[in-house]
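What follows is one structure encoded as structure tokens, with my remarks underneath.
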Amino acid sequence: MEQAIKIKVPGKLMVAGEFAVLEKHHPLIVMAVNRFVETTIEKTPISRVCLPDVEVPSATWDFLKKRVHIHHSSRRMSFVNDAMSYTLRYLKEQNIEIEPFTITVHSELDDKKTGVKFGLGSSAAVVTSVVRAILQLFLGDKVTDELVFKLASISHVKTQGNGSGADIAASTYGGVLLYTSFQAEWLLSQFRKTRSITELIEKDWKYLSIKQLKFPPSIQLAVGWTGKAASTKSLVKEVKKMDDRSVYEAFLVKSKTAVLLMIEGMETENVAKFLKGIEQNRIALAEMGNIAKVPIETEKLRKLRDEAVKLGGAGKLSGAGGGDCGIAFLPLDKDVDELYGAWEQLNIKPLTINVYERAE
């Protein structure tokens, strides 16, 4: 038997540009974080999937008529099932013989004690890790990040029906990224039109852009968890139901302005501009939430930001809001432990999270 391959894929946190990224050409800053999904894959006599985190210690699977069939009743298998299906379809299109293998997926993106989600992009990281592991097993050093990203995006959108793909990008490329989305509706329409997965991957994904960035070296990152998990899908749905589209259009302009200011601050290492962009994006999100009557910036997320401002920094929600994590940036000469202490007084849990520079 060949030696097992181990894949480690990072989770993500959104930095700025949330909600707006769902529209064409609207930028978002996202970062990969040092919490991981670890996947092991090896060729074995019998094909198995092992997902101990969702109480599936071992299940056999078959690949028939372009679909993977996992022999287990758990509803939580859908992301893994689709990731395997589309990746194996692609390999079959390359005339690669699919030999039996066992794949084991373990995530450390959620709270170990309670299983509560922090909002670190667990489903996207799982999908990306499964895709990368299977490709690595059969293609070796021919695997490219672009191939992983596109296959994982197809799989994730086909399972979920929507999404920007920013979490997939972070899990694929690592580091801090400037990202514009391929647009889920465009991808689904192209999926229906194309004859093969290969053809879809080779298309020009015209709305997509991915560029590496760096935070200014004279700032430090802090992440706090509000203690409440949030549903991105339901929050996005509520925002989309807003009656006054002019409010949403105004938000899009404010979001883009804020993100572009942050990028300028990052590229010129101007901390003041970077922090100002964070605050502008926070205000834009909070205003839209208030008008739409959607709890985007909760009281805890606002207080998380307030404590960062007291120390000369800036902070905001990360992701769709409504709970999950908030992020803050402080100048290097400030004591981050002082911020953590203030957060703990507010029942906000500091998380030891940093940028993960490169997916493996």
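The values are calculated or read from the model by the stated rules, or taken from the named source; none is laboratory data. This one's a predicted model, so the numbers in the text were calculated from it and none came from an experiment. Neighbour counts run over all protein chains shown; Cβ positions are idealised from the backbone, glycine included. Surface accessibility is based on the protein's heavy atoms, side chains included, excluding ligands, DNA and RNA. Shrake-Rupley method; radii C 1.70, N 1.55, O 1.52, S 1.80 Å.
Tally up the residues in the range 269-289 that are under 26 Å from Glu249 (Cβ atoms) and either open to solvent by 30 Å² or more (accessible area, probe 1.4 Å) or basic (Lys, Arg) (or both), please.
Of the residues in the range 269-289, 7 are under 26 Å from Glu249 (Cβ atoms) and either open to solvent by 30 Å² or more (accessible area, probe 1.4 Å) or basic (Lys, Arg) (or both).
Looking for something touching a strand residue (DSSP E or B) at 6+ places or on another chain (Cβ under 6 Å) and either free of Cβ contacts under 8 Å to residues at least 12 places away in the same chain or not in a loop (DSSP other than H, G, I, E, B) (or both) - is there at least one such residue anywhere in the range 282-295?
Yes: one or more hits.
Out of Gln94, Gln3, which single residue is surrounded by fewer than 15 Cβ atoms within 10 Å (Cβ to Cβ), among the polar types (S, T, N, Q) and touching a residue at least 40 places away in the same chain (Cβ under 8 Å)?
Working: Gln3 fails: touching a residue at least 40 places away in the same chain (Cβ under 8 Å).
On inspection, the qualifying residue turns out to be Gln94.
Would the range 300-323 turn up any residue that is out of contact with any Pro (no Cβ under 8 Å at 6 or more places or on another chain), of a type in the set (Asp, Glu) and either at positive phi or assigned to a loop (DSSP other than H, G, I, E, B) (or both)?
Scanning the range 300-323 turns up no residue that is out of contact with any Pro (no Cβ under 8 Å at 6 or more places or on another chain), of a type in the set (Asp, Glu) and either at positive phi or assigned to a loop (DSSP other than H, G, I, E, B) (or both).
Which of the residues that make up the range 55-84 are among the small types (Gly, Ala, Ser), under 26 Å from the mean Cα position of the chain (by Cα) and open to solvent by 20 Å² or more (accessible area, probe 1.4 Å)?
Correct list: Ser74, Ser78.
Considering only residues that are closer than 27 Å to Gly163 by Cα, in contact with a strand residue (DSSP E or B) (Cβ under 6 Å, 6 or more places away or on another chain), open to solvent by 10 Å² or more (accessible area, probe 1.4 Å) and not hydroxyl-bearing (Ser, Thr, Tyr), which ones fall in the range 28-50?
Arg35, Phe36, Glu38, Cys50
Considering only residues that are of a type in the set (Val, Ile, Thr), open to solvent by less than 40 Å² (accessible area, probe 1.4 Å) and more than 22 Å from Pro27 (Cα to Cα), which ones fall in the range 295-337? Show your work before the answer.
Residues of the range 295-337 that are of a type in the set (Val, Ile, Thr), as a first pass: 296, 298, 309, 327, 336.
Still in the list and also open to solvent by less than 40 Å² (accessible area, probe 1.4 Å): 296, 298, 327, 336.
Listed by number, the residues that qualify are Thr298, Val336.
When you scan the range 252-281, how many residues do you find that are more than 22 Å from the chain's Cα centre (by Cα), in a helix (DSSP H, G or I) and over 29 Å from Ala342 (Cα atoms)?
Qualifying residue count for the region: 5.
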